[in-house]
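Inspection log for the structure reproduced underneath, given as structure tokens.
The values are calculated or read from the model by the stated rules, or taken from the named source; none is laboratory data. The model shown is predicted, which means the values in this text are computed figures rather than measured ones. Virtual Cβ from ideal backbone geometry, glycine too; neighbours counted across all protein chains shown. For the accessible areas, the whole protein counts, side chains as well, though only heavy atoms, and no ligand, DNA or RNA atoms are used. Shrake-Rupley method; radii C 1.70, N 1.55, O 1.52, S 1.80 Å.
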Amino acid sequence: MAGPSLRPHVHWAQRHRELYLRVELSDVQNPDITITDNVLYFKAQGHGAKGDNIYEFQIEFLEPVEPKPRYKVTQRQLNITVQKKESSWWERLTRQEKRPLFLAPDFDRWLDESDAEMELREKEEEKMNKMKIESRVPKDPFKHLKKGYLIMYNLVQFLGFSWIFVNMTVRLFILGKDSFYDTFHTIADMMYFCQTLALMEILNSLIGLVRSPLIPAVIQVFGRNFILFVVLGSLEEMQSKAVVFFIFYFWSIIELFRYPYYMLSCIGIEWKPLTWLRYTSWIPLYPLGCLAEAVCIVQSIPIFSETGKFSLALPNPLNVTIQFSFLLQVYLIALFLGLFVNFRHLYKQRRKHLGPKKRKMK
């Protein structure tokens, strides 16, 4: 004949709308918790006062409750939340007047009726205040238009840089190193389009359409456009250099992760692998891209010195010529300072999105 079933220690507390039960069982397995005819039935395997056994109990509630309890299992206990059918304060938990021996008040969560009413009023006031604040915030009539514009902008840029990356990759596999030397003539038109369109990123930040800081956007967009339009676009001798391939390739790889990340963010979607790539790929790619740009400038300095292109001759009596090649040497220093600024900004962003999450205090 089977002996009496083992009952765990159960602690309870209440609010006007909910009941809380804390079952003192650790390492709970296969919990079976149901409410039928206003009676809660509990059965589970766990470690309690009588060791590792099957524990069970039942409680007939004083007033009607909802038949679907919620529960959460932790390593040391099991917490059950039961919703009352009507918001009210009960004089006791069970229908029977005598409290079961296994049941005791949960003093960690216990409140008197007056304290519970005050807590309820505070929550309702907080909810009302939040609604008032939200109602005071003016609704932006152009919200959906702005979102649509940002989605289209990021989509167009993603497609443009994807075309550049795929085209260069296919040519590299087919032609090998020979593809290095005609990259500009094959890719330049699309790169011109994408980098001209990128000027909108400065405007978007300037007018507050996006929350990105202005200075990193200015450094990246104007730095790339200086290399593309001034150094490469104005010197035919530079357009057949192998360094052009590496500049375009590093630029396009970075944007393959950046633009789809922002596009999905516009519609409230976060894909964790893409987030990781967005805030990790820049670590090797930005220095490599900066190095390729620096090599490009170093290779162009003798050409600008020989041709005198963009050099500025001051009128007499100064009779001095400011060589553009000298300005390029100054720009080399600014290039690495800009890399430091962008690195600092992206490192902060990486810590914000990928750093350890702070745990909320219960």
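For this structure, a couple of remarks:
- Taking all Cα pairs closer than 8 Å and separated by 6 or more residues, the relative contact order of the chain comes to 12 percent.
- Shape class of the stretch 276-353 from the alpha-carbon gyration tensor: prolate, with a/c at 1.5 or above and a/b greater than b/c.
- This model, with +1 at the C-beta of Lys and Arg and -1 at the C-beta of Asp and Glu, gives the stretch 3-140 a dipole about its Cα centre of some 280 debye.
- Scaled radius of gyration (Cα, divided by 2.2 N^0.38 Å) that the stretch 127-208 gives: 1.79
- P(r) tail fraction, the stretch 60-203 - alpha-carbon pairs more than 21 Å apart, %: 72 percent
- Choice from E126, E201, E293 with maximal GNM fluctuation in the chain (Cα, 10 Å cutoff): E126
- Only Cα sites of the stretch 173-259 enter the Debye sum here, all with the same form factor; the resulting log10 I(q)/I(0) across q = 0.22, 0.24 1/Å is -1.09, -1.23, listed in q order.
- Helix-only CD estimate at 222 nm, as mean residue ellipticity for the chain, using -39500 (n - 2.57) per DSSP H run (n ≥ 4): -17500 deg cm²/dmol
- When peptides 90-99, 15-24 are sorted by average Cβ neighbour count within 10 Å, with the highest value leading, the order is 15-24, 90-99.
- Relative contact order of the stretch 243-312, defined on C-alpha pairs under 8 angstrom at six or more residues apart (%): 44 percent
- Put the Cα centre of the stretch 328-352 next to the Cα centre of the stretch 36-70 and the gap is 61 Å.
- Sorting W276, W163 on solvent-accessible area from highest to lowest, probe radius 1.4 Å, gives W276, W163.
- Across the stretch 153-199, the convex hull enclosing all Cα atoms gives 55 Å³ per residue.
- Protection proxy ranking, peptides 74-82, 267-275, average beta carbon neighbours within 10 Å, highest first: 74-82, 267-275
- In a reduced charge model with +1 at each Lys and Arg Cβ and -1 at each Asp and Glu Cβ, the chain shows a dipole moment near 320 debye about its Cα centre.
- All Cα-Cα distances of the stretch 209-323, cut into 10 Å bins from zero to the largest, leave 11, 33, 27, 17, 8, 3, 0 percent in each bin in turn.
- The stretch 132-252: relative contact order as a whole-number percent, Cα under 8 Å and 6+ apart: 33 percent
- When the Cα atoms of the stretch 79-118 are aligned to their principal axes, the ranges along those axes come out at 31, 24, 21 Å in descending order.
- When each of K72/K352; K84/K127; K143/K348 is checked by Cα-Cα distance, pairs over 24 Å: K72/K352; K143/K348
- Report note on the peptides 25-35, 181-191: ranked by the mean count of other C-beta atoms within 10 Å, highest first, their order is 181-191, 25-35.
- Scaled radius of gyration (Cα, divided by 2.2 N^0.38 Å) that the chain gives: 1.64
- Rg in Å to one decimal, and Dmax rounded to a whole Å, for the stretch 1-61 via C-alpha atoms: 12.4, 43
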